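K.L.:
Can you read through this structure? Questions will come right after.
The values are calculated or read from the model by the stated rules, or taken from the named source; none is laboratory data. Note that the structure is a prediction, hence the values are computed from the model and not measured. Neighbour counts run over all protein chains shown; Cβ positions are idealised from the backbone, glycine included. Ligands, DNA and RNA are stripped out before the accessible areas are found, and what is left, the full protein with its side chains, is counted by its heavy atoms. Shrake-Rupley method; radii C 1.70, N 1.55, O 1.52, S 1.80 Å.
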Amino acid sequence: MKKPKNKTSHLLNSERGLHELYSEDYERADHLVFGRESNVTRRGFLKGLGSMGAVLGFPVVFSNLMPSGLIPIALADSTNNFSLAAYGKQGLRILNDRPINAETPPHLLNDSVTPAKYMFVRNNGIVPSRAELTPDKWTLTIDGESVINPRIFTIDELKKEFKHYTYQLQLECGGNGRAEYVPPARGNQWTTGAIACPTWTGVRVRDVLKSVGIRSNAVYTAYYGKDKHLSGNPKKFPISRGVPIAKAMEDESMIVWAMNGKEINILNGHPLRVVTGGWPGSTCGKWINRIAVRDRVHDGAKMTGKAYKVPKKPVAPGEKVKNEDMMIIESMPVKSLITFPRTGIRHPIGKPLATNGHAWAGDLGVSAVEVSIDFGSTWNKTRLLKPKNRLSWQDWSANVFFPKTGYYEVWSRAIDENNVAQPMLVPGWNPKGYLNNRCHRIAVNVV
Ligand SMILES: Nc1nc2c(c(=O)[nH]1)N[C@H]1C(S)=C(S)[C@@H](COP(=O)(O)O)O[C@H]1N2
Ligand SMILES: [Mo]
């Protein structure tokens, strides 16, 4: 971790993100962002507290009365240099602004099909500029050790030569839920909002790969995107991952140009991305211009080391784990969200509370979702709908009855088709803080 010499000048430099103060990779933002949507995190501000007067240009008269962690509104305004609204996003919570990372509060994920404005944003590098994202001139190279006839496709050719499919596919970051691990793991402190399930339109990876011919020694795919490494080094990729060839050959593994029937949002990969539903979002390359078929497990950026890997065996919290004792995350675990009502509501006694949400389970289907109002002592079945297609989340709903007034938590717990349920507590600690699929909780004050 690099620490700058002069924090004040950095705070005033609106071209760069506060996180650079602490990390060249990405910053662990605090959970709480005070006031408006802002990239100024409480933790980031506290680090600069000593020089707050200098930052504001005036001494703070009642500084002794100022709540700790409050971000002066002047600062919140002047440092909000990445506008998600300019990219058509709404209501997301910014965790980091370089690279830009933002999650969706659960109540904004209430739609069965996630609208583009509410889809989370997760970046390892610098988002390509609008000028670089030209669908007419865009090409996708298919090559690699295991491709017989490498070829460069235009998007038009992809559209003309292959059958189009539309699937609703869940996409969840492997680090979703990281904020709950103790001791904490470095990386974006996602709570519950790095999940979305829009519809995707494009062609099957399988059809494109078959057209160029794949050798029998094919092991893994490898995507390459047009985003740049944070270091600015043009030879380095921020991320280049893929999936085993069997996953790539599934019906729902797609090269897509549309989301919810429209151009993909720039931050979500316009004009072309890969979607491999049910697997970590990191396998779903954005702004892709190349897919290689490798004769080995792909060794691109964030495929080696500990990235997107978990220990092969359970480890104690905080334990050091050797790289060779880690394995690549494949299908994501069973999980659910309560998307209505939002947490913290008041509810009148005597009336049932209508609750609803979604559940998903990586490559598997969800067989049941249950809710509890007594901290997991007893559970009630909810009404669970079938997915629109394989690898799409499933909607659930339930009426909840409260016996008396007071504070309650409503918990949701999904169970996958192998009868594996979400844990009530945060599951096995791991060095990078992946795969936290504990039950979702909301607070309800019954009055
Ligand atoms: N080119 C590129 N593709 C990428 C990434 C990236 O940084 N660059 N991030 C990956 C990760 S870690 C996730 S979780 C998903 C997030 O997709 P979204 O930003 O559309 O929500 O994109 C994946 N694809
Ligand atoms: Mo991710």
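K.L.:
Using the 2.2 N^0.38 Å rule of thumb for compact globular proteins, work out how the range 281-363 stacks up: its C-alpha Rg over that value, please.
P.N.:
Working: Rg = 20.2 Å, N = 83, 2.2 N^0.38 = 11.8 Å.
For the range 281-363, the normalised Cα radius of gyration is 1.71.
K.L.:
Roughly to the nearest percent, how much of the accessible area of the range 118-328 is carbon and sulfur, given a 1.4 Å probe?
P.N.:
Working: 4390 of 8210 Å².
C and S fraction of accessible area: 54 percent.
K.L.:
Let me ask something else. Name the long-range amide H neighbours of H440: under 5 Å, sequence gap of 5 or more, or other chain; modelled H, no Pro or chain starts.
P.N.:
So H440 has HN proximity to S336, S412.
K.L.:
Shifting gears a bit: Taking the range 335-446 on its own, what percent of its Cα-Cα pair distances exceed 23 Å? Let's see the in-between values first.
P.N.:
Values: 1750 of 6216 pairs.
It works out to 28 percent of all Cα pairs.
K.L.:
Can I ask one more? What residues qualify as long-range amide H neighbours of W200, i.e. H under 5 Å apart, gap of 5 or more or another chain, H built at 1.01 Å from N?
P.N.:
So W200 has HN proximity to Y167, Q168, L169, N260.
K.L.:
Could you tell me which of rounded, prolate or oblate describes the range 77-230, using a ≥ b ≥ c as the square roots of the eigenvalues of the alpha-carbon gyration tensor, with rounded for a/c under 1.5 and, failing that, prolate when a/b is larger than b/c and oblate otherwise? Let's see the in-between values first.
P.N.:
Working: a/c = 1.84, a/b = 1.75, b/c = 1.06.
Prolate is the answer for the range 77-230, as a/c is 1.5 or above and a/b outweighs b/c.
K.L.:
Quick check: Cα centre of the range 132-207 to Cα centre of the range 251-310, how many Å?
P.N.:
3 Å
K.L.:
Loop only per DSSP, at most 14 neighbouring Cβ atoms within 10 Å: give me the trypsin sites (Lys or Arg not before Pro) in the range 261-349, ordered by residue number.
P.N.:
On the way: sites: K262, R273, K286, R290, R294, R296, K302, K306, K309, K312, K320, K322, K335, R342, R346; in loops: K286, R296, K302, K306, K312, K320, K322, R342.
Passing sites in the range 261-349 are R296, K312, K320, K322, R342.
K.L.:
Can you list the HN-Hα couplings for the range 109-115, worked out from phi with the Karplus curve (6.51, -1.76, 1.60; θ = phi - 60°), rounded to whole Hz and with x for Gly and Pro?
P.N.:
9, 6, 5, 4, 10, 5, x
K.L.:
Return the long-range amide H neighbours of T339 (sequence gap of 5 or more, or a different chain), with a cut-off of under 5 Å between placed amide H atoms.
P.N.:
The answer is N356, G357, H358.
K.L.:
Loop only per DSSP, at most 10 neighbouring Cβ atoms within 10 Å: give me the trypsin sites (Lys or Arg not before Pro) in the range 362-408, ordered by residue number. Numbers along the way, then the final one.
P.N.:
Working: sites: K381, R383, K388, R390, K404; in loops: K388, R390, K404.
Qualifying residues, ordered by number: K404.
K.L.:
Something else now. Leaving out ligands and nucleic acids, note down the accessible area per residue over the range 335-446 with a 1.4 angstrom probe, in whole Å².
P.N.:
Values: 5160 Å² over 112 residues.
Here the residues of the range 335-446 average 46 Å² of exposed surface.
K.L.:
Can you work out ³J(HN,Hα) from phi for every residue in the range 148-161, in order, using Karplus 6.51 cos²θ - 1.76 cosθ + 1.60 and θ = phi - 60°, giving whole Hz and x for Gly and Pro?
P.N.:
7, 10, x, 8, 10, 9, 8, 5, 4, 5, 4, 5, 7, 8
K.L.:
Enumerate the calculated ³J(HN,Hα) couplings along the range 176-191 in order (Karplus 6.51 cos²θ - 1.76 cosθ + 1.60, θ = phi - 60°), each rounded to whole Hz, writing x wherever the residue is Gly or Pro.
P.N.:
My calculation for the range 176-191 gives 4, x, 3, 4, 8, 7, 10, x, x, 9, 5, x, 4, 8, 4, 9 Hz in order.
K.L.:
Counting only heavy atoms of protein chains, what accessible area per residue, in Å², does the range 172-281 have with a probe of 1.4 Å?
P.N.:
Numbers: 3340 Å² over 110 residues.
For the range 172-281, the solvent-accessible area averages 30 Å² per residue.
K.L.:
Counting other Cβ atoms within 10 Å, which GluC sites (Glu not before Pro) in the range 360-447 have at most 16 and lie in a DSSP loop? List each step's numbers first, then the result.
P.N.:
Details: sites: E370, E409, E417; in loops: E417.
Counting only loop positions with at most 16 other Cβ atoms within 10 Å, the GluC sites (Glu not before Pro) in the range 360-447 are E417.
K.L.:
Let me ask something else. Would you please give the FRET efficiency between N233 and D136, computed as 1/(1 + (r/R0)^6) with r the Cβ-Cβ distance and R0 = 35 Å, to the nearest 0.05? Can you show the working numbers first?
P.N.:
Values: r = 29 Å, r/R0 = 0.82.
Step by step, r from the Cβ atoms, then E = 0.75.
K.L.:
With each label point set 7 Å from Cα along the Cα-Cβ vector, what nm distance links E324 and V297?
P.N.:
For the pair E324/V297, the computed spacing is 1.3 nm.
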